[in-house]
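See structure below.
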Amino acid sequence: MSTIGLIGSGNIGGTVARLAVAAGHEVVLSNRRGPDTLKDLVEELGRAARAATPAEAAAAGDFVVVAVPLAAYAAVPAEELRGRTVIDTGNYYPGRDGRIPELEEEATTTSELLQAHLPHSRVVKAFGNIYFEHLGNLARPHGHPERSALPIAGDDAGAKREVTGLLDSLGYDAVDAGPLAEGWRFQRDTAAYTPLYVGEGWDVPGPDKEFDAGPGSPAPAREVRQALAQARRYRDM
């Protein structure tokens, strides 16, 4: 089993941590406010979890999950992540993150920005296209008839194989969407974003919106592939 370092331990990071501990992994949690603020989550997760600084979590993880608002990506510790596989969960919300010209122009993607900040790491985009409650609810054992899939994107084939194995242990199949440049296919408001896992009759999630997410609905690999193929650039919507 692996040690998962988490830089950001909010909704997505905390959910990944819970799935990881349930699967037998160890987790090192961190956030920008300091280890003391993670006491309750560490107590919930038990002996397989501990809190640390972002730099310590980066150095400790076999995998490191970056689950911070996009505006904070430049604060992710780079040297401690040298040689590591980094899983990027980020999405671009201009109202939260401020306007980022290269993303507005669709000249790059969120994960490519993080990869440029971490030139000696192997960045794989994952987890950012599913609502955190559904991420926790829809995990199923390998071979389960209601197993869901999550898309991934990355430039390093070995890192994508590693992340595929991690997802399998957490309860998900992986669908390879291609290199990081194709990560836009499951970014905010695309066909492969959160509505894919919401199911019929429930409100579609959005930033800063209170809604009843429901239990979530399984999305097998074939549906994820179809949604990725249907994706449209913002400029074409």
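Per-structure values
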| item | result |
| --- | --- |
| In segment 99-112, the residues that are farther than 17 Å from M237 by Cα and exposed (fewer than 11 other Cβ atoms within 10 Å of the Cβ) | R99, P101 |
| Residue within segment 201-224 that is at pLDDT below 95, β-branched (V, I, T) and not in a helix (DSSP H, G or I) present | yes |
| Every pair of residues 6+ apart whose Cβ atoms lie under 8 Å, when the first sits in segment 126-141 and is among the acidic types (D, E) while the second is open to solvent by less than 40 Å² (accessible area, probe 1.4 Å) | E133/T15; E133/A213; E133/G216 |
| Residue within segment 113-122 that is open to solvent by 10 Å² or more (accessible area, probe 1.4 Å), in a helix (DSSP H, G or I), at pLDDT below 95 and not aliphatic (A, V, I, L, M) present | no |
| Boolean, A159 is over 22 Å from E104 (Cα atoms), of a type in the set (G, A, S), in contact with a Gly (Cβ under 8 Å, 6 or more places away or on another chain) and at pLDDT 95 or above | no |
| Lone unmet requirement of (1) open to solvent by 20 Å² or more (accessible area, probe 1.4 Å); (2) closer than 29 Å to R235 by Cα; (3) not aromatic (F, W, Y) for E79 | (2) |
| Number of positions in segment 132-159 that are crowded, with 24+ Cβ neighbours inside 10 Å and of a type outside the set (A, V, I, L, M) | 4 |
| Residue pairs meeting the criteria (Cβ under 7 Å; at least 6 apart or on separate chains; first closer than 17 Å to H120 by Cα, in segment 50-61; second assigned to a helix (DSSP H, G or I)) | A55/E80; A58/E80; A58/L81; A59/E80 |
| Per-region count, segment 166-180, residues open to solvent by 40 Å² or more (accessible area, probe 1.4 Å) and closer than 23 Å to L118 by Cα | 2 |
| Residue check for Y172: touching a strand residue (DSSP E or B) at 6+ places or on another chain (Cβ under 7 Å) and among the aromatic types (F, W, Y) | yes |
| Every pair of residues 6+ apart whose Cβ atoms lie under 6 Å, when the first sits in segment 23-37 and is more than 13 Å from G10 (Cα to Cα) and touching a residue at least 40 places away in the same chain (Cβ under 8 Å) while the second is not in a loop (DSSP other than H, G, I, E, B) and not small (G, A, S) | A23/L170; H25/I4 |
| Residues satisfying the stated conditions in segment 155-186, i.e. among the aromatic types (F, W, Y) and in a helix (DSSP H, G or I) | W184, F186 |
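The values are calculated or read from the model by the stated rules, or taken from the named source; none is laboratory data. Just so you know, these numbers come straight off a predicted model, no measurement behind them. Note: ideal-geometry Cβ built from the backbone for every residue, glycine included; neighbour counts use all protein chains shown. For the accessible areas, the whole protein counts, side chains as well, though only heavy atoms, and no ligand, DNA or RNA atoms are used. Shrake-Rupley method; radii C 1.70, N 1.55, O 1.52, S 1.80 Å.
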